[in-house]
Amino acid sequence: MQSELKKPLNTDRITLEQGKRLPQTEYNSHLKEIQEKLSSVPSQPGCYLWLGDSIQTPGEQRILYVGKSVNLRSRLRQYLTSDDYKTKFLMQLVTGFDWVVTGNETEALILENTLIKKHNPPYNIRLKDDKTYPWISLTLSEKYPRLILTRRKTSPENLYFGPYSDVGAAKATMELVQKIFPMRRKPQKLPLKKPARPCLNFHIGKCLAPCAEKISEDEYMKMVYQVKDFLEGKDDSVQQSLHRQMEEFASSREYEKAARVRDTLHAIQQIHEEQRVENANETENYDIIGAYVTTRREMSRALSLKEHVLNAFATEEIPHMGQIVLLKIRKGKLVGKQSYAMTEGGIWDNETNPAAAFLESFFRDYYFQVRDIPESIYLSHNILSAKTWIEGFRSSGISTKMYLPGESDWEEKQALVEMAGNNAELSLRERVLNDKLRNQKTGLRQIQKFINLKSIPETIECYDISNFHGQQAVASGVMLRDGFPYKQGYRRYRIKTIEGANDPAMMHEVLSRRFARIASGQIKQPDLIVIDGGITQLTAALRAREEQGLSTPMIGLAKQEEEIYTEDGRILSFDKNSPGMLILRLARDEAHRFGVSYHRNLRLKKELSSILDGIPGVGEERKARIAGVLRKLDLPSLETEELIDILREQAEVPPLVARRITERIGSVEG
């Protein structure tokens, strides 16, 4: 590949012009400086690198993002004029750039993959934790090769098959191969100085005992290459080879060896009979790739979770998450289904939608590594670089066609593509829930350690006071079960005995009522109670507990510094983004949100008559009907369109009038 550098490019350590992060005024002039330098960038294919400050080494730069383009100058200029929020976010971090010219788009594609693999830029979309995906390695670097599971490519002589989406799938595949082909399993350097005694695997037909010199190296290597073809999906050639081998052994009257080969052949045929047949007459090998990408807000709705609950354990920069499902069809049979998570912190080009960007990244991370590339690939979304990939495959001696939505040939496999997309959505939901559950368990153990609890706090309650200069004072209590909001345990309280702004006294009143119910056995005692506030509020709550003779563990959580106040007067500080602190903050923020919502609701209902005054289309009779409906609602919790629909249906209000009312209520809330 021929390439041309703007300046010598050391991709291990790039140090251009800038050092520390610039303040906002300098940042604008810095982008202007970058814009001036763009005139020297050629309008040719190549790769570009956006650079930012190095976190580890002040004064040096790191690669933030690597991209490719058929026209470098045009593409770089688009970043400076883009209104896309993802691009704007990236440009806030940029302090320099570099570029490499290539001979064509295909070379740019290969170089992009090389640079991304080498430097792992934080804002390129990648297979999530792709270094941890397992591979099956055929150890050609050894005499008498073995099959092993590995997460690292340690030798260029070995062959690697994968990556597999989970270790269970990799193990199942390896066990299947070892069941068919009796390769050695024990790690030892062969040949030995003295032949060993065959182990049990030899006697039960699971190993050919090369350690005991029961098989020649040439004969063993024939089996090794059959294993290679089998893992590459070339089942027909494997069966043909085994047929020839069986006939050769039979002709030379080596009947025991012929019987062994026959058993291997039957095992392969039996597996084929057990696999699902998509089309019994189909002979083509192809991959079906389905992508599912969504926002955190959409996922939270799908899982019936509040968005802030989903975001509590996620990067906030770019709120997208994605999953890829690959269906491998060989000779009409579904031989594998693999699911891959994609990183969520990536940036993608303006001209591509999120799903297409995730597919582009999957292609780069997957097909640059695998050996089993079929004749056809069907995608769930259009990608702009399809022709470039086809050319790249062709330059490597691989004849592969790609089919995109809208093409007639694609429609023949549309049902399978949709199935892959549906599976990707289900896999993403499962991943999100599993990640949350894992984080919650870790967080609860951290809380136990933070404050020396005797057991993990499976049930946590949190209380907050909400009032406006002492008016309409209310309190809220929320409950978390296993670290998740438990809505059945949410409670609202009107302050009955305290006048004026006195939050500690109000907290004492509310907790006194709560502890009285616990002491009487009406409700179960929680494992931990969190008070929204500092030592003053916590002291008032502790006094309410002591008056009932209880010992429920309690802490205060102050919002300004995110500090924990303990019963014995200590002030503790931990990483506010640790799983344990995130759970405590979630409880505190939920209590605050729930209390403020209740307070606003009471205030709105009290002022309903004046709020509805002067709205065109709202007379006295209609006002009474509208007020009667609104007083039954939790107004702050409703979206605008929800409230409009309720007013139209229950208060029989025309659409325009309903919208005027919601706008008036929104202005009062704000």
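Checking the range 155-162 against the condition returns no match, with no residue being in a helix (DSSP H, G or I), in contact (Cβ under 8 Å) with a residue 40 or more places away in the chain and within 30 Å of ASN423 (Cα to Cα). The number of residues in the range 564-583 that are charged (D, E, K, R) and in contact (Cβ under 8 Å) with a residue 24 or more places away in the chain comes to 1.
Reported count of residues in the range 281-329, each being modelled with pLDDT of 75 or more, surrounded by fewer than 23 Cβ atoms within 10 Å (Cβ to Cβ) and of a type in the set (Asp, Glu), is 2.
Please indicate, with yes or no, whether at least one residue in the range 468-490 is crowded, with 24+ Cβ neighbours inside 10 Å and more than 19 Å from LEU538 (Cα to Cα). Scanning the range 468-490, I find at least one residue that is crowded, with 24+ Cβ neighbours inside 10 Å and more than 19 Å from LEU538 (Cα to Cα), so the answer is yes.
It is to be established whether one or more residues within the range 461-476 are in contact with a Pro (Cβ under 9 Å, 6 or more places away or on another chain), within 21 Å of PHE574 (Cα to Cα) and free of Cβ contacts under 8 Å to residues at least 12 places away in the same chain. So far as the range 461-476 goes, no, none of its residues is in contact with a Pro (Cβ under 9 Å, 6 or more places away or on another chain), within 21 Å of PHE574 (Cα to Cα) and free of Cβ contacts under 8 Å to residues at least 12 places away in the same chain. Pairs linking a residue in the range 217-246 that is within 15 Å of PRO182 (Cβ to Cβ) and touching a residue at least 12 places away in the same chain (Cβ under 8 Å) to a residue that is open to solvent by less than 30 Å² (accessible area, probe 1.4 Å) and not in a helix (DSSP H, G or I), with Cβ atoms under 6 Å and 6 or more positions apart or on different chains, are TYR220/TYR144; MET223/PHE181; VAL224/PRO145; VAL227/PHE181. Tell me which residues, restricted to the range 130-142, are in contact with a helix residue (DSSP H, G or I) (Cβ under 8 Å, 6 or more places away or on another chain) and modelled with pLDDT of 90 or more. If the condition is that a residue be in contact with a helix residue (DSSP H, G or I) (Cβ under 8 Å, 6 or more places away or on another chain) and modelled with pLDDT of 90 or more, then LEU138, LEU140 are the ones that fit. Here are the criteria: (1) part of a helix (DSSP H, G or I); (2) among the charged types (D, E, K, R); (3) closer than 23 Å to VAL261 by Cβ. Tell me which single one LYS214 does not satisfy. If we test LYS214 against (1) part of a helix (DSSP H, G or I); (2) among the charged types (D, E, K, R); (3) closer than 23 Å to VAL261 by Cβ, just (1) comes out false. Restricting the search to strands (runs of 3 or more DSSP E) fully inside the range 465-571 and requiring at least 1 residues that are under 39 Å from the mean Cα position of the chain (by Cα) and within 24 Å of ASN439 (Cβ to Cβ) gives 471-481, 528-532, 554-558, 563-565.
The values are calculated or read from the model by the stated rules, or taken from the named source; none is laboratory data. Note that the coordinates shown come from a computational prediction; the quantities given were computed from them, not determined experimentally. Backbone-built Cβ (ideal geometry, glycine too); neighbour counts: all protein chains shown. Surface areas here come from the heavy atoms of the whole protein model, side chains and all, with no ligands, DNA or RNA. Shrake-Rupley method; radii C 1.70, N 1.55, O 1.52, S 1.80 Å.
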